[in-house]
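The next block holds one structure in the form of structure tokens; read it before the comments.
The values are calculated or read from the model by the stated rules, or taken from the named source; none is laboratory data. In this text, all values refer to a predicted model and were calculated from it rather than measured experimentally. Here the Cβ positions follow ideal geometry from the backbone for every residue, glycine too, while neighbour counts run over all protein chains shown.
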Amino acid sequence: MKRVLLAATAFAVLSQPAFAQTPAAHLTTPREALGHDIGEDYFLANYSQLVSYWKTLASQSDRAKMVDIGETSEGRRQYMMIVSSPQNLAKLDRYKQIAARLANAEGLTDDQAHALAAEGKAVIWIDGGMHASEVEHAQALMAGVYDMLSSNDAEARKILDNVVILFGQANPDGQDLLANWYMRNADPLKREFDTLPVIYQKYVGHDNNRDSYMVSQKETTNLNKIFFREWYPQIIYNHHQTGPLGAVVFIPPFRDPFNYNYDPLIMTELSEVGATMHSRLVSEGKGGSGMRSAANYSTWNNGMERTVAYFHNSIGILTEIIGHPTPMQLPLVADNQLPRNDLPLPVKPQIWHLKQSIDYSLSMNRAVLNYAASNRERLLFNIYRMGANSIARGNEDNWTVTGDRIDALKAAGKTSTPAALSAAGTAFKGEKTLDPALYESILHDPTHRDPRGYIITADQADFPTATKFVNALIKAGVKVDRAKTAFTVAGKTYPAGSYVVKTAQAYRPHVMDMFEPQDHPNDFAYPGGPPIAPYDAAGYTLAYQMGIKFDRVLDGFDGPFERLADVTAPPAGKIIGQGKAGFLISHEINDATILTNRLLKAKQPVYWVKTPTAVAGKTLAPGAIWVPASAQSRAILEAGSKSLGVDVYAADAAPKADTLKLKPVRVGVVDVYGGLQTTGWTQWTLEQFETPYTVVRAQRLDKGDLNKDFDVLIFPDAAIPEEAAFGGGMFRGGFGAKQPKPEEVPAQFRSWLGNITQEKTLPQVEKFVRQGGSVVAIGSSTSLANFMKLPIERSPAEIKDGKAQALPRTQFYIPGSLLTAKVDNTDPLAFGVPTTVDMFFDRSPTFKVADGSGMKPVAWFSGKHPLHSGWAWGQEHLDGSAAVVDASVGKGKLFLMGPEVNMRAQPHGTFKFLFNALFYGPAVAGQPAR
């Protein structure tokens, strides 16, 4: 094969036109730059080496331009290497402008779009390093850049002439962390990264690829800006590991279901590109590529780099390949030796080297890039076509067909008469024909039209959080308007400052996915069989998670609107009134927690008022924050209200109601060796709301005397392992780093070693609670209640052999979805939470609490249909189950939160459960000082 490629290259050089550019006279090779070949056994290059090498290549080659795209979470610079012909690089601004005009699709005719497509160049993103422990693709990224800068074969020239390639490192911090840890041992045979002490992104680890619609992390912000606000690539290729067992690599197409919101052209183009990649590997004799049923990946969920692309009319490619710098055994799996549609060319078992995986990645890169070069105009025109389709759908009556509408159609069909004419087609699966008139009456029922837009009213209780939601949309490229003055739509008047998101825009699929419920189909292995788990969440509607109040507008509308050019701040808050006694703040605003923390840090007294409080002509819900007047408190509140958009009310007298006096709390967030993503997300959220904390691990917990150092301990999901009979899903928690011997790790990590155990750790935690401490237990960590033998039972459950067992998945199965719970917001644990709230539920613990047990349900599921977004099989079993419990234990408090109230820092609507729990336990009841 190598001889054929060399011959082809030689012919291409001899036959190239005089104007074609050639590589630099001398281009530094990887071995010259790194001292090793890329993919060499027992070697990993780190990000610092990548940056140094890229700078060298950019200085030597007229095909390359290195661009700084932003800062990383740990303060590094994140770089992108733009590769194309010198002629294209000279006109980058023009090609960027064309890509943007076609992607946004506004104000263009088809003829104008064709003309722009003929002039433009395909823009293709290829990255590596997203999940840093998947080390192959960060190394392949370096090899891919060198390949396109050094090659002069006909295919390479064709690609360079027709494509602008954006090569990017998706997680620079992680590459340095993993490579440095692997290479720390001088003995190559002892190199490993299974004992890495932390997650591979500062806060979120593996979830850095679950942040693309929330856009909370710096790296995601950088990438989204390239994808949806600057360069608008038509293909986004996101390399990952690892491949299916007994094979080498998974390549699209994916299994069903696909999301109903995006344009169907995305799926057909995705299949085209995937087929091209498989064909390339097979033609080169590179076996072991699987698709569809070869793995569990699907295209349902938004929020991953390659899936968020679908909602923006870009082709998102995921590949998952094997590979390790330490040679590994490619195993023999019998079923994967039988060729089939989803695994056309099996691969023989063998000792596998990282270099082989990199060779596969280079071939797959070439397949994608050659496809783009060959289909340049079609790619450019089709991204316009999908954007124009979205605009048209948003400007007229449109219906999105979902599973619940098909159920309605089938139900109506039971009482209808099929058409008299013979049905065209053959019933291969025993399909039943229905009356065609039902298409209009059911599937085009006017009450089920898609919205023309959404209005987020400025007078909702927590408008600063609504602004954060809008900013997430803007960072994902969505066009958002703001009302300059009050306006009326459908008979309702909205105040100035309200946000308006119309669906007549290119990124309509993303808009719909963020506002509308996901309706995941029932997906079982066979009738009556077990459910097939979704790849990640089934329901995640961001507006629901964040508790945003909005109206769906079904008819066209307009008003005094202005387009927001970039992320925005809420309107400045102010101090209202002339009262001299003190200040009142609504507990319904999440950012009131920031004010609370600033006041406590300044040693200012802060109280919660336990009953509704009247001030300035309005009534604040239970939990209103009372701050006695002082020069310092006023200064803090004046500055904070202005910057945060939180109104503060100056009162003439202190409240007469009972209060809880808060104190600065010493918070411990529990982590384990190797790191938990749930802990990282908890740290992230606490930092955003200026809550101080200390990370605490097993050795410190095991020593006991915890009340000496802490007032509150937070056990995130997965900090305490779940009972075997129960258990959540998705990629929460950690990936089980191995516990090395103390002498095998640097000294600063030795105190991190150890496990949280029932024998040593949990008795000390129970003692902490009974002596007056507070514990917040989330998700699987709520099993602490069972260890403490509290009068609480898991629900729903069945009794087998005298022990509670989870219901079988054929009866009860709710993967990551949003369920609506009822809330007692007179309990301090729920101050500021509305009386109903959407909670993120992923096979989460729920509870049955006995009356008179000292354990109080604060949030619970009521009724047979709590599902709001996602998939819930057997949801009726949750009726009456408690989701959040306020338990008094000895002198302390145990707060049980079965659903993930801080899931990936997305459910702002349930943050208050966490924030309240931090202050509630240590607070002192009584009357405020007057």
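Assorted remarks:
- Boolean, Ala806 is at pLDDT below 95, closer than 30 Å to Asn185 by Cα and surrounded by 16 or more Cβ atoms within 10 Å (Cβ to Cβ): no
- Every pair of residues 6+ apart whose Cβ atoms lie under 6 Å, when the first sits in the range 901-930 and is on the phi > 0 side of the Ramachandran plot while the second is outside any helix (DSSP H, G or I) and modelled with pLDDT of 95 or more: Arg904/Arg210; Ala905/Ser216
- Remark: Gly559 matches the filter, which requires a residue to be in a loop (DSSP other than H, G, I, E, B) and surrounded by fewer than 18 Cβ atoms within 10 Å (Cβ to Cβ).
- Scanning the range 120-160 for residues that are within 16 Å of Trp231 (Cα to Cα) and out of contact with any His (no Cβ under 9 Å at 6 or more places or on another chain) turns up Gly120, Lys121, Ala122, Val123, Ile124, Trp125.
- Helices (runs of 4 or more DSSP H) contained in the range 42-154 and holding at least 2 residues under 30 Å from Ala388 (Cα atoms) and modelled with pLDDT under 95: none
- In the range 237-254, of all residues being within 23 Å of Gln175 (Cα to Cα) and hydrophobic (A, V, I, L, M, F, W, C), the one that is surrounded by the most Cβ atoms within 10 Å (Cβ to Cβ) corresponds to Val249.
- Qualifying residue in the range 193-205 (condition: among the charged types (D, E, K, R) and not in a loop (DSSP other than H, G, I, E, B)): no
- Test: residue in the range 327-343 that is outside any strand (DSSP E or B), closer than 19 Å to Pro244 by Cβ, touching a Phe, Trp or Tyr at 6+ places or on another chain (Cβ under 9 Å) and not polar (S, T, N, Q): no
- Scanning the range 236-265 for residues that are assigned to a strand (DSSP E or B) and either of a type in the set (Asp, Glu) or more than 25 Å from Thr220 (Cα to Cα) (or both) returns Val249, Arg255, Asp256, Pro257.
- Residue check for Glu638: out of contact with any helix residue (DSSP H, G or I) (no Cβ under 9 Å at 6 or more places or on another chain) and surrounded by fewer than 20 Cβ atoms within 10 Å (Cβ to Cβ): yes
- Taking (1) in contact with a Ser or Thr (Cβ under 6 Å, 6 or more places away or on another chain); (2) of a type in the set (A, V, I, L, M); (3) in a helix (DSSP H, G or I) in turn, Val164 satisfies each apart from (3).
- Where strands (runs of 3 or more DSSP E) fall wholly inside the range 866-911, the ranges with 3 or more residues that are over 23 Å from the mean Cα position of the chain (by Cα) are 882-889, 892-897.
- Residue in the range 622-643 that is part of a strand (DSSP E or B), more than 18 Å from Phe919 (Cβ to Cβ) and not assigned by TED's automatic domain parsing to the domain that holds Gln699 present: no
To keep it simple, each residue is scored yes or no on (1) within 26 Å of Pro791 (Cα to Cα); (2) in contact with a helix residue (DSSP H, G or I) (Cβ under 7 Å, 6 or more places away or on another chain); (3) of a type in the set (Val, Ile, Thr).
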position: Leu867; (1), (2), (3): no, yes, no
position: Trp871; (1), (2), (3): no, no, no
position: Gly880; (1), (2), (3): yes, no, no
position: Ala883; (1), (2), (3): yes, no, no
position: Glu900; (1), (2), (3): yes, yes, no
position: Met903; (1), (2), (3): no, no, no
position: Pro907; (1), (2), (3): no, yes, no
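- Residues of the range 184-200 include none that is closer than 26 Å to Trp231 by Cβ and either not assigned by TED's automatic domain parsing to the domain that holds Leu92 or not hydroxyl-bearing (Ser, Thr, Tyr) (or both).
- Qualifying residue in the range 529-548 (condition: over 30 Å from Gly870 (Cβ atoms) and either modelled with pLDDT of 95 or more or crowded, with 17+ Cβ neighbours inside 10 Å (or both)): no
- From the list Gly387, Gly316, the lone residue that is part of a strand (DSSP E or B), modelled with pLDDT of 95 or more and crowded, with 21+ Cβ neighbours inside 10 Å is Gly316.
- Ile159 vs. criteria under 30 Å from Thr22 (Cβ atoms) and either assigned to a helix (DSSP H, G or I) or not hydrophobic (A, V, I, L, M, F, W, C) (or both): yes
- Pair list, Cβ under 8 Å, 6 or more apart: the range 615-630 residue within 15 Å of Ala830 (Cβ to Cβ), other residue basic (Lys, Arg): Pro622/Lys610; Gly623/Lys610
- Test: Ser357 is in contact with a helix residue (DSSP H, G or I) (Cβ under 6 Å, 6 or more places away or on another chain) and over 26 Å from Trp300 (Cα atoms): yes
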